[in-house]
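S.K.: This structure is in structure tokens; I'll ask about it shortly.
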Amino acid sequence: MPSIIQYAFAAEALINTPAIIALLFFPNATLKPFLATPLPSIEVNASATLLARCLGVLILGLTPQLLLAYPNTGDRVGKRRLVYWTLGVGEAGLIPLFIWEAFRASDEAKAAGVWAGGLSRNMALTCAANLVAPIAWRIFVFAWKPQWFAGEDDKGKGRRKE
């Protein structure tokens, strides 16, 4: 029977799949709701489309790591810890970046009553908020449930013997 951490790896890989598809194949439709300018006539520029596709490729590149760390074979503890550190560092970097984006409007833009950010303030804060739960989960596992990396339950008994 899979451990809690194995379920978490599988769930995260599954959750990543729609984001990968949306960013790679439908970047304009994916980005349009995030634009700071809510006008329907505004189009997503080519640079933003490219960056969305690059993000999709990065997520695509990280998702197999979740699946490779799923089995209870070999150095599963080392693999699982490395995957969680890698993803956690990215999330830890993105949260302050989105918060900065939410409040970076210049004084001139504020005085003119226009928004100078690439994302709307609400969307940037929503993006940051959406990353809080995954990083909190990773911190929880590292700090309070490290035995889960080995596929052990709360009582410290191995779920599966090698």
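S.K.: Which of the residues that make up region 93-108 are modelled with pLDDT of 60 or more and among the small types (Gly, Ala, Ser)?
M.R.: The answer is Gly93, Ala102, Ala105.
S.K.: Just give me the residues in region 129-149 being surrounded by 14 or more Cβ atoms within 10 Å (Cβ to Cβ) and under 10 Å from the mean Cα position of the chain (by Cα), in sequence order.
M.R.: Matches in region 129-149: Leu131, Pro134, Ile135.
S.K.: Here are the criteria: (1) within 22 Å of Phe140 (Cβ to Cβ); (2) in contact with a helix residue (DSSP H, G or I) (Cβ under 9 Å, 6 or more places away or on another chain); (3) at pLDDT below 90. Tell me which single one Asn16 does not satisfy.
M.R.: All conditions pass for Asn16, except number (3).
S.K.: Condition first: within 13 Å of the chain's Cα centre (by Cα) and buried (at least 16 other Cβ atoms within 10 Å of the Cβ). Now tell me which residues in region 43-58 satisfy that.
M.R.: Within region 43-58, Leu55, Gly56 qualify.
S.K.: I've got another one for you. Which count do you get for residues in region 1-33 that are in a helix (DSSP H, G or I) and either of a type in the set (A, V, I, L, M, F, W, C) or in contact with a His (Cβ under 7 Å, 6 or more places away or on another chain) (or both)?
M.R.: Selection size over region 1-33: 18.
S.K.: Right, here's the next one. Looking at Arg138, is it charged (D, E, K, R), in contact with a helix residue (DSSP H, G or I) (Cβ under 8 Å, 6 or more places away or on another chain) and at pLDDT 85 or above?
M.R.: Yes; evaluated as a whole, the condition is true for this residue.
S.K.: Considering each residue of region 71-87, count those that are assigned to a helix (DSSP H, G or I) and either of a type outside the set (Phe, Trp, Tyr) or buried (at least 17 other Cβ atoms within 10 Å of the Cβ) (or both), and give that number.
M.R.: Final tally of qualifying residues: 11.
S.K.: Please work out which residue is modelled with the highest pLDDT, limiting yourself to region 109-125 and to residues that are surrounded by 15 or more Cβ atoms within 10 Å (Cβ to Cβ) and assigned to a helix (DSSP H, G or I).
M.R.: Filtering region 109-125 for residues that are surrounded by 15 or more Cβ atoms within 10 Å (Cβ to Cβ) and assigned to a helix (DSSP H, G or I), the one modelled with the highest pLDDT comes out as Leu125.
The values are calculated or read from the model by the stated rules, or taken from the named source; none is laboratory data. Since this is a predicted model, take the numbers as computed values, not measurements. When we count neighbours, we look across all protein chains shown, and the Cβ atoms used for this are built from the backbone with ideal geometry, even at glycine.
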